[in-house]
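Okay, structure first, notes after.
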Amino acid sequence: MPEHEQDGQEREFDLRWADSAEHKEPSARARMLAARWKHNPPGPVPFRADPEHRGSRRRSSWVSTAVVLGCVAAVIVLLGYINFRAPY
């Protein structure tokens, strides 16, 4: 059996063995957060945002959309003007 196929089969076996483990070690980030929260637990986080923040976000998205559409319209008008003025 070629060497690269054997390495692939050994790796696949190792992955199956690791996935079937009863106890899985948490990631480094999970261990770091657990250690940090042990001494300083995080405060409760609401499921939904506060009502006053939702309205401002919605308006800003409309403003952003209007600015983008305005820029697209300006580019279209500018390109049309350039094509109109170009000699044939």
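The values are calculated or read from the model by the stated rules, or taken from the named source; none is laboratory data. Only a predicted model underlies this, so the values are computations on that prediction, with no experimental measurement involved.
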Looking only at segment 72-88, decide whether some residue is on the phi < 0 side of the Ramachandran plot, under 27 Å from the mean Cα position of the chain (by Cα) and at pLDDT 80 or above.
yes
Got a number for residues in segment 23-61 being modelled with pLDDT under 85 and not in a loop (DSSP other than H, G, I, E, B)?
11
